[in-house]
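What follows is one structure encoded as structure tokens, with my remarks underneath.
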């Protein structure tokens, strides 16, 4: 996810003038969690330390296995950054012309890098037969984002993480309609309706009668746009609260950060309990609601602090840069890991691991600079974290 530095944002002509440092940092945490999960979750050594707390396995293994939750954070942040300029009044969605302008910006933001990575995947990763109709049909579905509506291609073999980008593309198409609904219903009603809709979709989509095979983290039934829409709208709600009510006080902000992290950890360990059958499968659809609450609390708390440990950690320069590059990192890392054999004798081979990381970083840096932000004159701004956390200095 889906899921770059502003991989899930609507970028203006000068995308670096108006940024929120902690949003960069949160994206950095999300992409590191996802990449770490895909690198190590199948190759963790036995006997990692852990304890059982209130019936839940608490361990390093559980955290790495739950690294995919970074995609959920991408969706929440996407709703936040897209809705923020409309909350602040720096952009408007008053009619079809404004919607077309929004769609154009999103198209230019998301699709060029998607098409480049898709072309590389089709040629080098999963070689098909260009002489067949199926090859071109799949390529067309993948190139347009329509693959999201198919069960067979929902997790494309060419690059399975494209599922979240497909969800992101569809969300971008309906975003102007959500803004219209927010104006007429109010954010509270829109959020409650979306939470109810998405929960119903996840309950149905995770029912063993409809979800094929054994328990999986993801499936097309519960992880389509309607099953994830509450995460995007929660991000929109966070933007609305942040702009309209302002920052929390210092003590409340620290408490929100702590509560947010604890709730996210609770979901991570709950998934470990679900996999080990310590918790019933029936709790799966509800983990999203707990996760949304945790991510919203953490986001609001971090946006409200401008000093102290929480602020220093989430505004670290390297973490911000990772977050700023997360779109490129996200699309490249799975293809690189698939082609670099860094596992030998069921153990991670350090030389191959280093080679994979370096190749991923080089490819990501190149496309971040020359595809994502090819029109930015000063490349130094692309690799420098922001300092701003206040709403009058933040950005979309």
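Here are a few things to note about the model shown:
- Taking first residues from segment 75-92 that are surrounded by fewer than 24 Cβ atoms within 10 Å (Cβ to Cβ) and partners that are in a helix (DSSP H, G or I), the Cβ contacts under 6 Å between residues at least 6 apart in sequence or on separate chains come to 87/239; 87/240; 87/243; 88/243; 91/85; 92/98.
- Taking segment 235-328 as the region of interest, the helices (runs of 4 or more DSSP H) fully inside it that hold 2 or more residues being closer than 30 Å to residue 117 by Cβ and under 20 Å from the mean Cα position of the chain (by Cα) are 250-275, 284-304, 317-324.
- Flag: residue 321 does not match the condition of being crowded, with 21+ Cβ neighbours inside 10 Å, within 18 Å of residue 26 (Cβ to Cβ), touching a helix residue (DSSP H, G or I) at 6+ places or on another chain (Cβ under 7 Å) and modelled with pLDDT of 80 or more.
- Residue check for residue 124: at pLDDT below 95, under 21 Å from residue 333 (Cα atoms) and in a helix (DSSP H, G or I): yes
- Criterion applied to 331, 262, 279 was being out of contact with any helix residue (DSSP H, G or I) (no Cβ under 7 Å at 6 or more places or on another chain) and under 30 Å from residue 205 (Cα atoms), and the one residue passing it is 262.
- Criterion violated by residue 251 - all others in (1) under 30 Å from residue 89 (Cα atoms); (2) touching a helix residue (DSSP H, G or I) at 6+ places or on another chain (Cβ under 8 Å) satisfied: (2)
- Answer residue from segment 366-395, given it is more than 30 Å from residue 249 (Cβ to Cβ) and crowded, with 18+ Cβ neighbours inside 10 Å and is modelled with the lowest pLDDT among those: 382
The values are calculated or read from the model by the stated rules, or taken from the named source; none is laboratory data. Note that the structure is a prediction, hence the values are computed from the model and not measured. Reconstructed Cβ throughout: ideal geometry from the backbone, glycine too, with neighbour counts over all protein chains shown.
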